[in-house]
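Okay, structure first, notes after.
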Amino acid sequence: MSAATSPIKVSAEVDQILSDVSHFLGRSKKDLVDAAVRDYVEAHRDEINAGISDSISRLDGSAASVVALVGDLSTERLDELGGLPER
């Protein structure tokens with residue numbers, strides 16, 4: 001995996017907590033966020049996988065199913081809005 005970084009925004013309160021914990025543990029804020037995200041994902045892996053499985057089950061290979069999923073619409077609602085042209 002690449003070592004590229006990207007900024008994230010957190011509330012002032014969370015930033016203060018990160019600063020304090022970083023200082024007292026002698027670790028960088030980046031390392032703390034990295035560890036926290038990894039721990040969170042591991043703790044919620046079953047929920048994440050269920051969400052992925054649910055999303056995949058709603059895809060039927062059509063463009064309409066992709067647009068409905070990405071737009072958080074039912075395919076019926078997408079049809080009510082005019083649907084998508086057939087190819």
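The numbers here are math on the coordinates, done by the rules we state, and not lab data. Predicted model, so just to flag it, every value in this text is computed and none were measured. Backbone-built Cβ (ideal geometry, glycine too); neighbour counts: all protein chains shown.
Counting alpha carbon pairs within less than 8 Å and at least 6 residues apart, what relative contact order, in whole percent, applies to the chain?
Once divided by the residue count of the chain, the mean separation gives 12 percent.
Run the helix sum for the chain: -39,500 (n - 2.57) per DSSP H stretch of 4+ residues, divided by residue count, reported at 222 nm to the nearest 500 deg cm²/dmol.
When only DSSP H runs of four or more count, the value is -19500 deg cm²/dmol.
Apply 1/(1 + (r/R0)^6) to the Cβ-Cβ distance of Ser11 and Ser65, taking R0 = 30 Å, and write down the FRET efficiency to the nearest 0.05.
Result of the calculation: an efficiency of 0.25.
Sorting check: for 73-84, 51-62, which peptide has the highest mean count of neighbouring beta carbons within 10 Å, and how do the rest follow?
73-84, 51-62
Out of every Cα pair in the chain, what percent are spaced more than 19 Å from each other?
When all Cα pairs of the chain are counted, 62 percent exceed 19 Å.
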